[in-house]
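The values are calculated or read from the model by the stated rules, or taken from the named source; none is laboratory data. The structure presented is a predicted model; accordingly, all values stated were derived computationally and were not measured. Every residue, glycine as well, gets a Cβ built from its backbone with ideal geometry; the counts of neighbours run over all protein chains shown.
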């Protein structure tokens with residue numbers, strides 16, 4: 001066995017140029033296969049970890065997935081708002097333990113601005129029931145205080161006490177800015193790996209204050225109120241975008257959900273975050289399967305290339321096989337030699353692909369997190385990763401069957417005579 005291993009190794013070294021090309025093709029395909037699986041898994045984990053311990057999410061009646069996306073993940077916009085009166089009435093339900101009001105629609109240099117109250121820092125949970133923590137400073141006390149997510153502070157270089165200007169609407173470039181009412185950074189939250197990191201948090205009163213002299217998305221001509229004057233006014237919100245609900249008992253979930261969905265004063269929708277998330281995954285299942293299928297075909301292409309390389313070199317190796325037979329090698333030895341070569345190329349390609357994946361993840365992780373808000377963990381290979389790597393190596397050995405069988409036949413037919 002040692003002799004066969006040594007022969008296989010020396011044979012591959014002698015043909016290292018073509019072998020390295022086959023290894024590179026398999027490595028790239030394995031990187032794609034594992035990368036798609038890693039991104040798919042981490043995307044699901046990232047979405048699942050965004051909110052925890054919230055029983056219901058309530059917004060204007062639309063669809064469960066749009067409501068989940070704009071209220072939890074800050075993706076998209078609401079079709080309508082909820083009146084403050086309706087929110088207060090539903091929040092006073094005896095079955096409700098706590099609520100978190102949310103007001104969306106503004107931004108700061110491409111980051112979403114969220115209007116809320118102190119209950120957000122008290123009751124909001126992410127991942128496995130983890131609380132929000134402050135890395136610096138404190139929550140907002142003044143109308144024009146702002147609490148930044150970790151990514152906002154890092155990307156824009158803000159610190160406690162810095163002044164920020166909120167833009168009207170959502171976009172990277174704000175054309176309508178609330179320059180007359182600047183906010184001051186009062187706190188910076190610890191990193192969570194959720195959309196909280198990319199959010200600027202202000203009070204509901206702050207959202208009301210910057211729009212108090214605006215109508216229909218534009219300043220009222222001739223009406224201009226400075227920050228000091230606004231502070232002395234009644235800043236109770238007229239409407240909010242959505243709100244989270246925590247119940248005293250999980251057994252009341254469906255009863256409260258039905259009550260909200262049948263609420264007569266205005267059309268509302270209450271969803272269970274976990275159920276809506278499953279609906280989202282079911283919509284994405286086809287795309288996930290398509291990406292996985294493409295990755296498998298790419299791996300198959302790499303293995304076919306390896307098999308082609310072994311077959312194309314058969315004529316050049318006929319003298320080698322004949323000499324091995326002359327010195328006592330049996331057909332089983334020739335057969336094993338080719339299988340070992342195929343397995344070694346597949347294994348080397350698989351391990352190279354795994355290493356390339358980690359290199360690419362290390363380079364792309366900060367970019368993916370800052371651009372798409374997804375945290376791709378760089379950890380030890382998972383059980384699924386090892387299963388894929390094992391499958392690639394096994395498929396490589398199977399791909400080596402064809403050249404192995406052909407080599408045995410040629411060695412039996414040729415003997416010591418090499419035909420040209």
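Test residue 399 against the criterion of being closer than 19 Å to residue 12 by Cα, surrounded by 12 or more Cβ atoms within 10 Å (Cβ to Cβ) and modelled with pLDDT under 80, and give yes or no. Taking the combined requirement at face value, the residue does not satisfy it. Restricted to region 228-249, and to residues there that are farther than 29 Å from residue 271 by Cβ and touching a helix residue (DSSP H, G or I) at 6+ places or on another chain (Cβ under 6 Å), the residue that is surrounded by the most Cβ atoms within 10 Å (Cβ to Cβ) is 230.
Are any residues in region 165-180 at pLDDT below 85 and buried (at least 17 other Cβ atoms within 10 Å of the Cβ), and if so, which ones?
Matches in region 165-180: 168, 170, 174, 178.
Only residues that are touching a residue at least 12 places away in the same chain (Cβ under 8 Å), out of contact with any strand residue (DSSP E or B) (no Cβ under 8 Å at 6 or more places or on another chain) and exposed (fewer than 11 other Cβ atoms within 10 Å of the Cβ) were counted in region 250-274, giving 1.
Among the strands (runs of 3 or more DSSP E) lying completely within region 16-122, list those that include at least 3 residues that are more than 24 Å from the chain's Cα centre (by Cα).
Working: elements: 56-60, 96-108, 111-116.
It comes to 56-60, 96-108.
Restricting attention to region 306-321 and to residues that are modelled with pLDDT of 75 or more and surrounded by 18 or more Cβ atoms within 10 Å (Cβ to Cβ), the residue that is nearest to the chain's Cα centre (by Cα) turns out to be 306. All of 204, 148, 132 fail the test of being surrounded by 14 or more Cβ atoms within 10 Å (Cβ to Cβ), touching a helix residue (DSSP H, G or I) at 6+ places or on another chain (Cβ under 6 Å), within 30 Å of residue 97 (Cα to Cα) and modelled with pLDDT of 90 or more, apart from 132.
Taken over region 85-97, the criterion of being within 23 Å of residue 205 (Cα to Cα) and crowded, with 16+ Cβ neighbours inside 10 Å is satisfied by 86, 87, 90, 91.
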